[in-house]
1. Considering the stretch A:592-608 alone, what residues qualify as being within 13 Å of chain B (Cβ to nearest Cβ) and buried (at least 19 other Cβ atoms within 10 Å of the Cβ)?
2. Which numbered condition in (1) crowded, with 24+ Cβ neighbours inside 10 Å; (2) in contact (Cβ under 8 Å) with a residue 60 or more places away in the chain; (3) small (Gly, Ala, Ser) is the only one that B:Gly429 fails?
3. Restricting to the stretch A:188-199, name every residue that is touching an Asp or Glu at 6+ places or on another chain (Cβ under 6 Å) and either assigned to a strand (DSSP E or B) or more than 7 Å from chain B (Cβ to nearest Cβ) (or both).
4. Which residues, counting only those in the stretch A:478-496, are outside any loop (DSSP other than H, G, I, E, B) and more than 9 Å from chain B (Cβ to nearest Cβ)?
5. Provide a single number: the residues in the stretch A:432-444 that are more than 8 Å from chain B (Cβ to nearest Cβ), open to solvent by less than 10 Å² (accessible area, probe 1.4 Å) and of a type outside the set (A, V, I, L, M).
6. Any chance the stretch A:512-524 includes a residue that's of a type in the set (Lys, Arg) and either at pLDDT below 95 or over 25 Å from A:Ala602 (Cα atoms) (or both)?
7. Can you work out which of the residues in the stretch B:195-224 that are under 20 Å from A:Ile407 (Cα atoms) and of a type in the set (Ser, Thr, Tyr) is surrounded by the fewest Cβ atoms within 10 Å (Cβ to Cβ)?
Number of protein chains: 2
Amino acid sequence: MTTREQHDRMANAIRFLSMDAVEKANSGHPGLPMGAADIATVLFTRFLNFDPKNPNWADRDRFVLSAGHGSMLLYSVLYLTGYPDIDLDQIKNFRQLGAKTAGHPEYGYAAGIETTTGPLGQGLANSVGMALAERILNARFGDKIVDHYTYVLAGDGCLMEGISQEAISLAGHLKLNKLIVFWDDNNISIDGEISLSDSTDQRKRFEASGWNTLAVDGHDPEAIAAAIETAQKSDRPTLIAAKTTIGFGAPTRAGTSKAHGSPLGAEEIAGARKALGWDYEPFVVPDDVLNAWREAGARGADKRAAWEKRFGDADAITKGEFERRMKGDLPAGFDQMIVDYKKTLSEDKPKVATRKSSEMALEVINAMLPETIGGSADLTGSNNTKTSQTGPIKPGDYSGRYVYYGIREHGMAAAMNGMALHGGVIPYGGTFMCFSDYARPSMRLASLMGIRSIFVMTHDSIGLGEDGPTHQPVEHLAALRAIPNHLVLRPADAVEAAEAWQIALESSTAPSTLALTRQNLPSLRTTHSDENLSAKGAYELEAASGDAKATIFATGSEVEIAVAARAVLETKGIPARVVSVPSFELFRKQDDAYRASVLGAAPVKLAVEAGIRQGWDEIIGSDGLFVGMTGFGASAPIEDLYKHFGITAEAIVAAVEGKLAKA
Amino acid sequence: MTTREQHDRMANAIRFLSMDAVEKANSGHPGLPMGAADIATVLFTRFLNFDPKNPNWADRDRFVLSAGHGSMLLYSVLYLTGYPDIDLDQIKNFRQLGAKTAGHPEYGYAAGIETTTGPLGQGLANSVGMALAERILNARFGDKIVDHYTYVLAGDGCLMEGISQEAISLAGHLKLNKLIVFWDDNNISIDGEISLSDSTDQRKRFEASGWNTLAVDGHDPEAIAAAIETAQKSDRPTLIAAKTTIGFGAPTRAGTSKAHGSPLGAEEIAGARKALGWDYEPFVVPDDVLNAWREAGARGADKRAAWEKRFGDADAITKGEFERRMKGDLPAGFDQMIVDYKKTLSEDKPKVATRKSSEMALEVINAMLPETIGGSADLTGSNNTKTSQTGPIKPGDYSGRYVYYGIREHGMAAAMNGMALHGGVIPYGGTFMCFSDYARPSMRLASLMGIRSIFVMTHDSIGLGEDGPTHQPVEHLAALRAIPNHLVLRPADAVEAAEAWQIALESSTAPSTLALTRQNLPSLRTTHSDENLSAKGAYELEAASGDAKATIFATGSEVEIAVAARAVLETKGIPARVVSVPSFELFRKQDDAYRASVLGAAPVKLAVEAGIRQGWDEIIGSDGLFVGMTGFGASAPIEDLYKHFGITAEAIVAAVEGKLAKA
């Protein structure tokens, strides 16, 4: 058998496993795996450094299937190369409840799935973060320990999504030359030929963003191999435009949108078997082909062993530090450092915006945690995300710790996800909270994957002031709290800001959003507590002088207002308590007894938050009182706005009194 | 005075009004108005067709300040050219409560503000919709009635945002040659020089998307004029890269990020006065300059009169139709048509997915309303957005009524907003509901502006099935309901789908999202009602046989489950009623008596929705029962998923019985 014949049979194994699995599931996307099988075969059998027996080898090459609907391509290759998680039963169980082989690749379901993809463009943008993390770690640990490629397979959909522009312009700017992206240039999208909706010259577009580009026949293995070799030598990231036929081998559907997203049917598959000379039952991969694939899968074992050797030769401190970072553990003493820092805060009682107290916390955190990588979508001075330790990461020089992401909130969030997925770094990045909307698809994926991306969202209410309703979050706290497995933390002062950072950094299975003010706030936590009170989600900040008639719940900047209202109520002989609620999600996790003690038994429950009510009924009950927003904000100085929208201590007092009078 | 001297003085009027207003407000962005003053002066005094006395003239050129933070540029020009809404008091009241001169341009605050901008990239993407609407109307009404340009001023931020790529690739593909975009190429963003974060060759990038590009000195009026003349003749959209100095004229801050986003201070402004020879008090525009500007503002009156004449010469039917469309009125008989259509549905009782019943409704709507322009972000066959009347809109041929938006949810939504803002068309566009996240910034702006964009979001729950959690909305209904002034409509069957379309089309001050199923649903509204019951937000679909012990609230696909649960409860001797809740927002607007009658007095209130609970407490109370989702979905066939997540009639029955047993 010639090399080419063997290649074809190996690629056909991907094609038929994909066709068969989609057919059995009666659901899925056969077109991409069939079209891109040659690319995957060349990449996985000749270039990609990986070891299925040690799938989490730190210096493995990363492979991202950005066109996640083609999941059977990835599952087929993982099975064929011998990843234990994906056996033939998993392939046969494609898209069924509990299968590791979900409709789209889901991070955490099986080793070898480097990121969750499906929402288009995300994988490509993740890969920028992975390639950046690789360079950052390389700058710290050297070529012997970190030196790998990041490969991506992206489709037309990925390239049409706006996030792709943010990703490629950032990657091009930063000269991430170990990033190699295949564009599965098959001229087909769901609606039909690409010419229906697009006429972009993609190579020119990538070149405009500083990329190296190549074009190959995506069904010619030697051309593909040559392109990868060229790409590996580039001083810039590389796009390989690979001309392919979607559904390659399907007698009537190849090259059409009918091959894209539904089972081909028995007849078409039979035709493909004939056309491609694949005379085997469904799911059967003949021994010669399976053996060849398994050999390819075993290729990486030596390389991994060589890496282990090199790594073993490193000094103990380097090894310990690298392993700690890759595990994602925080350094010993981190907790105590936060406690000590909180102690100074409760003495200093700073009156600063929480975006500033976030920066102050970061200043001590970044001094202790060399793995944090900060950044902002062009609002560095406003988000207060840069500290003295974080020099800029520059094109070709990755020794810094701060990314100037540019005005690219979506690309930033997705790149942060990629960094978190790569491991070894902890990414945080900022923008105005209103623009969390731009980043939302990636923030959702961070939650779904359960990874430690930390989103710093400042200017978190009408407190932003004059910029007006386009920039004032109103529904954003509710909308972010709605995302499952997403920690929304809204600290009320400097101590809570420090606690929020501790929570976010210690949260290894959920991303966090820190909601921070533009405006100054007083210190409210002036009595030191070793315990991280914010970690309970809600706690009594001020007790009532007697049997509480009212409990005022508040978050962030409105805790100050709640405290002021309580003082007035107390002078009026109405005992009242204040509960700070930095996190709904964390409060929900407390036991019933604690929850009941915090919610209390006061006849009046009132919440104050400069956002909409949605979600608050869980805490105050649907008959609770709410002081907040009911619609969009307005452009004016902050004092005017709080008055105009009635978010004041006076309004709280009046509401409590009114309710008590009725009772 | 030479022409150039006059130009400079006119441009300086913009500069000083902007500096002075920002200084007085002690907040705002002087840098862009100062840098782009020459561009605006050339455009508004020599090219833009507009008439401040008739600012809504249908065939005016549109001007979009995509870099909305430079709002004082627009306000200055509106004042100088004589728009009545913006007088000198408004300029002096910049960024104050109640001013028309908000921090960022807010649509609806003052004539001459064509769209709300500030969130970057949105204006550019709106302009694509405006330019497309212009071509569509031109194709229907001819050059004599519709033939105008759309001009945009965009900054680096606009071009870095991913949405800009979606916008420019769509515009380039569709050859929208009457779209002319200025790029205020000042090499500065908030964080510093652009080279910190970007090195894109923007001209090459736009050319890759099929644009004509030009480069000029943005401070050379004749060069700017020549570029506009060239652009007007292009057969493609044009980017004019205009090299400018941010904060032009500021002695120490010009050309730096310090000119961008904060007041310059008295000293710097005094220096600018000296440097630019502007020896006038703050807010004073000398007569010669104001007169010259007012003359420029009067330029358009003749053109408008000529247009009125041409329009007057058209036949009565054309005139009536054009005026109706531009007003946004629906044709006479629309309501009756919907009633008649509902009658056939209550007889035919189709068992189809609501995405299909949406298509069926659209089929009759599109036959009656020639102004609807459909589209999808590459999910036409899945979103069911195309009907027999809507032929494709093609590059250079705008006679169709359907836009293949490509995989560009964000660009689609923003372009739809631009179409709605232009007027004369009613845009609707589809994607999977999960990807509403991608479009969210534009959907929010539609709500803030109060315009009739209609978002068709199909596959609205785990009912999507095998594609899995990346594609299954869980929090999206809550997140969309959180946006103020956004109608979320989730119909339960074909009749409710028709009603939802009627509501969306008749909603001229709020955008709508239709949440539609992938899976088939039975007809539940089998008794015809002339009244649009969905317009009340919630209504009793099935009464209890006796004194209701339970009320089951449900939306969309879960109403079927609620009805099944009710039947079981009734057989068990537990009288129960079912309330369908197609829209929270509309139900909130009903009077107390109606709300009370719908909420009812049954001891058990239960809601069932295949999404999270957030928001439901408003209807069922915080002690109400909820059957729905608590986290992300999974990849499996739909039947498995509903069982797996316990969203079944059995679960409802058990919950109701459990609660009644405890009571």
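1. Result: A:Lys605, A:Ala607.
2. (2)
3. Passing the criteria: A:Ser189, A:Ile194.
4. Of everything in the stretch A:478-496, those that are outside any loop (DSSP other than H, G, I, E, B) and more than 9 Å from chain B (Cβ to nearest Cβ) turn out to be A:Leu487, A:Val488, A:Leu489, A:Ala494, A:Val495, A:Glu496.
5. 2
6. Looking through the stretch A:512-524, at least one residue is of a type in the set (Lys, Arg) and either at pLDDT below 95 or over 25 Å from A:Ala602 (Cα atoms) (or both).
7. Ranking the candidates gives B:Ser195 first.
Each row is one residue, and each column tells you yes or no for (1) closer than 20 Å to A:Gly646 by Cβ; (2) in contact with a Phe, Trp or Tyr (Cβ under 8 Å, 6 or more places away or on another chain); (3) assigned to a helix (DSSP H, G or I).
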| position | (1), (2), (3) |
| --- | --- |
| A:Ser529 | no, no, no |
| A:Leu541 | no, no, no |
| A:Ala548 | no, no, no |
| A:Phe553 | yes, yes, no |
| A:Ala562 | yes, yes, yes |
| A:Glu585 | no, no, yes |
| A:Gln590 | no, no, no |
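The values are calculated or read from the model by the stated rules, or taken from the named source; none is laboratory data. From a predicted model like this one, the values you see are computed outputs, not experimental measurements. Methodologically, a virtual Cβ is constructed for each residue, glycine included, from the backbone with ideal geometry; neighbour enumeration extends over all protein chains shown. Surface accessibility is based on the protein's heavy atoms, side chains included, excluding ligands, DNA and RNA. Shrake-Rupley method; radii C 1.70, N 1.55, O 1.52, S 1.80 Å.
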